[in-house]
Amino acid sequence: MTSVALPIGPARSGTSGATLLQTLRPLFLPRGSSVSTLLARGDRPPGWLSGVIAQLEDMGESVEFVDESALRRGVRFLAGLPEAMPEPFVAIGDDGSVGAEWECAVGHLYLTFSQAADEVYWCSPDGQEWEGLLVRSIPRLVDAIFELMADRP
Amino acid sequence: MTADTSPVPADHCLLYRLIRPDWVAPDGNRPKSQAFSDHPADGALSMFLSDEMEAAGKTVADLAKLWPGYRVCGITVGQVRALGQQVVRDPIEEFPGHAAVRDLTGRRSGGTRAKLAKAVKWCE
């Protein structure tokens, strides 16, 4: 059984999660009036964040092993997403890694936070896919996030 | 645990994976991709081969009974190999047919986990 106190506030500087967020946040600036209404308001986390954190805490109680560093990076990343981002479904793998997935009409985005690496995988409905390290995939990841936000009902 | 020397599983043989309740996607249609991570103890994905289960007179229902609350999904050995995975028999005491599935690159990518999650079918 693993109990982990998860961060819900802003990321502290000096962590890889914080660095990634600092890189990502400016990219969520409006890309024109058509998307401006989709974007985050200030530092307010997505409305689903507390529920997702509760799910991860419950999962953490029942698994053999959780990579606490990966868990914190994952939660910080989710907390930094725009408020208009749809809710992901999350899970903890046997290896202690943390995953977050979004699957809808515009595609499938799957993020993994683990001891080995933080990764991203995207697959569009027509089967076009790419994957890579999160820190090296930021422009494509931002495009994917915008697609998912635009698809939100 | 050392793999035995029995024949290499055939492509048409089914591989079963036990899915924890919190590994089921919200719509219930498939497991979450995270369900296909390696276990740190052996660096492999734990699955069960249908040929050995059948030889021992065991069914999917027997497998599910052993781990209450889990669901069972299946995929052919050929499909798993096509995703760059190696399937090795790896007997355990609890149930016949146990196999260790490892990525040939040494590490299963998120894309491969996602493809496994979408390719499996529920066996109920």
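Between residue A:138 and residue B:8, what is the FRET efficiency for a Förster distance of 41 Å, r being their Cβ-Cβ separation, to the nearest 0.05?
Between residue A:138 and residue B:8 the formula returns 0.45.
Ranked highest first by average number of other Cβ atoms within 10 Å, how do A:78-87, B:56-65 line up?
Final packing ranking: A:78-87, B:56-65.
What are the lysines whose alpha-carbon lies under 16 Å from the alpha-carbon of residue B:118, with same-chain residues fewer than 8 places away excluded?
Partners found: B:32.
Give the average, rounded to an integer, of partner chain Cβ atoms located within 10 angstrom of each Cβ in B:95-107.
Across B:95-107, the average partner-chain Cβ count within 10 Å equals 0.
I'd like the Karplus ³J(HN,Hα) series for region B:17-26: coefficients 6.51, -1.76, 1.60, θ = phi - 60°, whole numbers in Hz, and an x wherever there's a Gly or Pro.
Values, residue by residue: 10, 7, 10, 4, x, 7, 9, 8, 4, x Hz.
Once every DSSP H run of n ≥ 4 in chain B is given -39500 (n - 2.57) and the sum is divided by its residues, what mean residue ellipticity at 222 nm do you get, rounded to the nearest 500 deg cm²/dmol?
Result for chain B: -6000 deg cm²/dmol, rounded to the nearest 500.
Provide the gained length on full extension for the span residue A:117 to residue A:57, in nm with one decimal, where the gain is 0.36 nm per separating residue minus the Cα-Cα distance.
Length gained, residue A:117 through residue A:57: 19.4 nm.
With a ≥ b ≥ c taken as the square roots of the eigenvalues of the C-alpha gyration tensor of region B:14-122, please select rounded if a/c is under 1.5 and otherwise prolate if a/b is larger than b/c or oblate if it is not?
Cα axes put region B:14-122 in the oblate bin.
Residue by residue through B:41-51, how many Cβ atoms from other chains fall within 10 Å of the Cβ on average?
1
Read the figures in this text as sums done on the coordinates, not as results from a lab. Please read all numbers here as calculations on a predicted model, not as lab measurements. Note that each Cβ is placed from the backbone with ideal geometry, even for glycine, and that neighbours are counted across all protein chains shown.
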